[in-house]
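Accompanying notes for the structure given below.
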Amino acid sequence: MLRALALLLAVLVSPTPARAVDALEATVVRVVDGDTIEVRLDGRLENVRYIGVDTPEVRHPRRGAEPGGRAAMRVNARLVEGRRIRLELDVRERDRYLRLLAYVWVGDLMVNAELVRLGYAQVMTVPPNVRHEQLFLRLQREARAAGRGLWAEPAPVSAIPAPR
């Protein structure tokens, strides 16, 4: 906890991005869905919720699986499953479910941004964690305009084979 607080303080007072300072390092143990992972961090398991993005639900208690949820989860798994990652914190460290809130980095790739760029996540800004909001909004506009991922046009009815 002290390390996380030190990192948070460094992020708040540093003019450089958190990825340039000593970010929290973890290993992905399990992909929960398109915007949540379980990691091993300092010898303990933590659930990490990606900051600034939202993907369709895989298992919603009332609505069940939402369209695109499994696809977003598969893309997330391809990006992070089993990998060593860096966690960049913002102002608020945890959500109401006590998940760690972070921008997730694999090398020089921010996974949150990549999910939006590929069209498998939408921007969901929850102040005060807004550090990369403008980047996410730009990437979402581009993905939507290009018809990527969740923004893809459904196949025309004529392209769907008739049942036999």
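The values are calculated or read from the model by the stated rules, or taken from the named source; none is laboratory data. The shown structure was predicted, so the numbers you read here are calculated from the model rather than taken from an experiment. Counting neighbours? That spans all protein chains shown, and the Cβs are built from the backbone with ideal geometry, glycine included.
A few remarks follow.
- Selection from the stretch 57-85 of residues that are in a strand (DSSP E or B) and at pLDDT below 95: H60, G64
- Complete set of residues in the stretch 124-153 that are within 20 Å of V91 (Cβ to Cβ) and either under 15 Å from the mean Cα position of the chain (by Cα) or among the acidic types (D, E) (or both): M124, T125, V126, N129, V130, R131, H132, E133, L135, F136, L137
- Filtering the stretch 85-97 to residues that are surrounded by 14 or more Cβ atoms within 10 Å (Cβ to Cβ) and over 21 Å from F136 (Cβ atoms) leaves nothing.
- Residue check for R131: of a type in the set (D, E, K, R), over 17 Å from M73 (Cα atoms) and part of a loop (DSSP other than H, G, I, E, B): yes
- Meets criteria (basic (K, R) and either surrounded by 21 or more Cβ atoms within 10 Å (Cβ to Cβ) or out of contact with any Lys or Arg (no Cβ under 6 Å at 6 or more places or on another chain) (or both)) for R131: yes
- Any hit, the stretch 57-78, residues being surrounded by 19 or more Cβ atoms within 10 Å (Cβ to Cβ) and either without any contact (Cβ under 8 Å) to a residue 24 or more places away in the chain or within 17 Å of T27 (Cβ to Cβ) (or both): yes
- Of the criteria (1) at pLDDT 95 or above; (2) surrounded by fewer than 21 Cβ atoms within 10 Å (Cβ to Cβ); (3) not hydroxyl-bearing (S, T, Y), which one A102 fails: (2)
- Restricting the stretch 34-56 to residues that are farther than 13 Å from V111 by Cβ and in contact (Cβ under 8 Å) with a residue 24 or more places away in the chain, the residue that is nearest to the chain's Cα centre (by Cα): D54
- The set of residues in the stretch 127-164 being of a type in the set (V, I, T) and at pLDDT below 95 consists of V157, I160.
- Qualifying residue in the stretch 112-123 (condition: outside any loop (DSSP other than H, G, I, E, B) and more than 12 Å from the chain's Cα centre (by Cα)): no
- Candidate set from the stretch 38-76 (those that are touching a Lys or Arg at 6+ places or on another chain (Cβ under 7 Å) and hydrophobic (A, V, I, L, M, F, W, C)); member that is nearest to R99 (Cα to Cα): V48
- Of all residues making up the stretch 39-56, the number that are outside any loop (DSSP other than H, G, I, E, B) and closer than 19 Å to V28 by Cβ: 11
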